[in-house]
Amino acid sequence: MSAMEGRKLQLAGGSTYLVSLPKRWVMGAGLKAGDTVFLETVRDGSVSIRPHAADRIETRRKIFSVREEESRDHLLRKLVGAYVGGFGLIEVRFPPSNAAFTRRVAREFCRLVIGPEVIEETKNALVIQDLSDATDLSIDKCLRRMQLTVRAMIEDSVSSLKSADQSLAHDVELRGQDVNRLYWMIAKQYHLSQTHPLHNGNNGSNGSSAAVTGYLLIARHLERIGRHAMRIAANFPALAQEKSIDPKLMKDIDDARASLVALLDKAFSALVTRNIVLANEAIDARVEHEKLIEGLTHRVASKRGEELLALGNVVDSLGRAAVYTSEIAEQGIDIAVMTDPEAT
């Protein structure tokens, strides 16, 4: 039988397309009328038809050996790398003298990311298994949670300065870890989509590999916005040494905060709705935001010492974060064009 043959699509019922299957293939697969076949969207856009459901994605295993001089940061980076790379099982081997150190870092890693748990331990090795389910926490769900978290961090970072609330400023910094956890989950989903095309149908991307790549870039932009919110909150101690921030200056900073949040909302809404017109509005609106930042920059320049540095950091972050909102809107346009045939 020829490796490739053409078959015409037929329209049935006004909304369903049908295509006939070669009889020899059907008979060879032991199928009959009424049986179910399984479709898999492949990375290149083609569709493969299986007579039986595909097996579950095989769990990959990564093995690390801890050296005597291994540092906490080096081991932690390797564990995160294995997690992002889609390894469902991570085995860490270590000399008995490094047992306490390795177990401590392994448990810290499990707290830093979503899913992994230590499931086996011996005197010179431990095994970490990723228990997270991509269908329960898909890319689009992670992105929505990231956007809501980052948005709240922006709001609260400026509010902490406005109300001199140290606990709120500290809470902003703690939430940065939540953003990292979601970013690493999306990065893991991206790598799984590259190695297992079938995974694309379960991660919220509707089978589009191009969309998964775009979502990873957007997650990176959201992570950067979160970092700038943390940077704003981190200036609380220096500004708290002053009696208070000039009320007029504080109002201008708050206006810039409201402008940034509006840009983020518009850019993310455009992404979710595949609205190219709204995405362009979000990009164009940054011009007015930059005017606010420029005015703030001139006002802050009159300050001195630590207050000048701290306020300069706040204003700079409010400006830089807006650049990432534009990147989100631009990526939203790219995804809309690639995945929506009717997008204009």
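The values are calculated or read from the model by the stated rules, or taken from the named source; none is laboratory data. Everything numeric here is computed off the predicted structure, so don't read it as measured data. Positions of Cβ are backbone-derived with ideal geometry, glycine not excepted, and every protein chain shown enters the neighbour counts.
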* When Ala282 is evaluated against the numbered criteria (1) more than 20 Å from Val158 (Cβ to Cβ); (2) not in a helix (DSSP H, G or I), which criterion, by number, is the only one it fails? -> (2)
* Failed condition for Lys303, given (1) under 19 Å from Ile232 (Cβ atoms); (2) in a helix (DSSP H, G or I); (3) of a type outside the set (A, V, I, L, M) -> (2)
* **Test set (1) modelled with pLDDT under 85; (2) within 30 Å of Val127 (Cβ to Cβ) - Pro51 fails condition number** => (2)
* To do: Could you tell me whether Val80 is of a type in the set (Val, Ile, Thr), over 23 Å from the mean Cα position of the chain (by Cα), modelled with pLDDT of 95 or more and not assigned by TED's automatic domain parsing to the domain that holds Gln189?
  => no
* Determine if the range 266-275 includes at least one residue that is hydroxyl-bearing (Ser, Thr, Tyr) and either farther than 26 Å from Arg145 by Cα or modelled with pLDDT of 90 or more (or both). => yes
* Asked: Would you say Glu306 is of a type outside the set (Ser, Thr, Tyr) and over 25 Å from Leu217 (Cα atoms)?
  -> yes
* To do: Please specify each residue of the range 83-99 satisfying the condition of being within 25 Å of the chain's Cα centre (by Cα) and assigned to a strand (DSSP E or B).
  => Leu89, Ile90
* Structure fact -> Counting only residues that are free of Cβ contacts under 8 Å to residues at least 12 places away in the same chain and more than 33 Å from the chain's Cα centre (by Cα), the range 284-324 contains a total of 7
* To do: Could you tell me whether the range 251-272 includes any residue that is farther than 19 Å from Asp156 by Cβ, of a type in the set (S, T, N, Q), in contact with a helix residue (DSSP H, G or I) (Cβ under 9 Å, 6 or more places away or on another chain) and crowded, with 21+ Cβ neighbours inside 10 Å?
  => no
* Asked: Out of all the residues in the range 10-39, which are in a loop (DSSP other than H, G, I, E, B) and of a type in the set (A, V, I, L, M, F, W, C)?
  -> Val19, Leu21, Ala29, Leu31, Ala33, Val37
* Asked: Quick one: Val118 ticks every box in (1) in a helix (DSSP H, G or I); (2) free of Cβ contacts under 8 Å to residues at least 60 places away in the same chain bar one, so which box is it?
  -> (1)
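Quick grid of which residues meet (1) modelled with pLDDT under 95; (2) in contact with a strand residue (DSSP E or B) (Cβ under 6 Å, 6 or more places away or on another chain); (3) more than 15 Å from Ala262 (Cβ to Cβ); (4) not hydroxyl-bearing (Ser, Thr, Tyr):
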position: Ala279; (1), (2), (3), (4): no, no, no, yes
position: Ala282; (1), (2), (3), (4): no, no, no, yes
position: Ala285; (1), (2), (3), (4): no, no, no, yes
position: Glu288; (1), (2), (3), (4): no, no, no, yes
position: Ser302; (1), (2), (3), (4): yes, no, yes, no
position: Glu307; (1), (2), (3), (4): yes, no, yes, yes
position: Val314; (1), (2), (3), (4): no, no, yes, yes
position: Tyr324; (1), (2), (3), (4): no, no, no, no
position: Thr339; (1), (2), (3), (4): yes, no, yes, no
* Please enumerate the residues belonging to the range 284-335 that are surrounded by fewer than 21 Cβ atoms within 10 Å (Cβ to Cβ) and among the hydroxyl-bearing types (Ser, Thr, Tyr). => Thr297, Ser302, Ser326
* All but one of (1) buried (at least 17 other Cβ atoms within 10 Å of the Cβ); (2) closer than 14 Å to Ile225 by Cα; (3) within 12 Å of the chain's Cα centre (by Cα); (4) not small (Gly, Ala, Ser) hold for Trp184; which doesn't? -> (2)
